[in-house]
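*Asks:* Below you will find the structure I want to go over with you.
Every number in this text was worked out from the coordinates using simple rules, so none of it is lab data. The model shown is predicted, which means the values in this text are computed figures rather than measured ones. Positions of Cβ are generated from backbone atoms using ideal geometry, with glycine treated the same way; all protein chains shown enter the neighbour counts.
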Amino acid sequence: MILIVILAAAAVFLMLMNIKSRTAFRGAELLITVGENEFGRWPLTKDVTIDIEGHNVCEIRNGTVRMTEADCADQSCVHMAPIDEKGGSVVCLPNRVVLKITGTGSENPEVDTVAS
């Protein structure tokens, strides 16, 4: 009987952990900053094109974010890999524009420990 209770509790625990991991990224959003000022926040769930003060254009499409246009000379931000709910950032240094994914839980990572 005790073994059945322990197995049932373990099954419930694993089920709850699975649900938590599947919903962890639902709150992910794009945070855009220009210099030290917040420009805005957008959910990754809606496709949208965002003009950033006439200097840069970024696009949210199918849950990924990429810089599509920039008026800076090097265009390195346009060639950066898209970012998604797993985290990441795209930076345009000349225009001081930062695209960052927030709300993924990566801002406050939990410590992984093993007890023996």
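*Asks:* What relative contact order, as a whole-number percentage, does the range 24-107 give when Cα pairs under 8 Å and 6 or more residues apart are counted?
*Replies:* 32
*Asks:* Could you order peptides 44-51, 65-72 by the average number of other Cβ atoms within 10 Å of their residues, highest first?
*Replies:* 65-72, 44-51
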